[in-house]
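Contents: one structure, followed by commentary.
Computed from the coordinates by the stated procedures, all read-outs in this text should not be read as laboratory data. What you see is a predicted model; the values in this text were computed from it and never measured. All Cβ positions, even for glycine, are placed from backbone atoms using ideal geometry, and neighbour counts span all protein chains on display.
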Amino acid sequence: MKTLARWLLLAVWTVFATLALTFVWLRWLAAIFPFPESFWFWIFTHVPGFWDGEAGDDLELLVHLALSFVAVVIGTWLARRWMLDRRGRAARLR
């Protein structure tokens, strides 16, 4: 039961953090650090079905969601490794 709760908590954290990071990215960071137009041109020409305006917005959202997901997974993994390393050092010092 404890393992199931941990996996469920990890899944909820990943979904919530990904959505929150995507919101922040689209709301504020996209204006500060925009992707170059050549990147969007390449994406729109190589992914079929996203040539009109509204579908292009959906593709932009999917790209930001994917990048946010990668950032959240890597950040979560690094935080977990750091926490386990600190816990191991504390146990060795006692």
Around His64, with a cut-off of 12 angstrom between Cβ atoms, what is the net charge of the other residues, counting Lys and Arg +1 and Asp and Glu -1? -2
Within-14-Å neighbourhood charge of Thr14 [Cβ basis; K, R +1; D, E -1]: +2
In whole angstrom, the spacing between the Cα centers of the range 31-89 and the range 3-17 equals 20
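Which whole-number percent is the relative contact order of the range 1-93 (Cα, under 8 Å, 6+ apart)? List each step's numbers first, then the result.
Details: 24 pairs, mean separation 35.2, N = 93.
Across the range 1-93, relative contact order equals 38 percent.
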Charge tally for neighbours of Ala79 with beta carbon under 13 Å away, counting Lys, Arg as +1 and Asp, Glu as -1, is +3
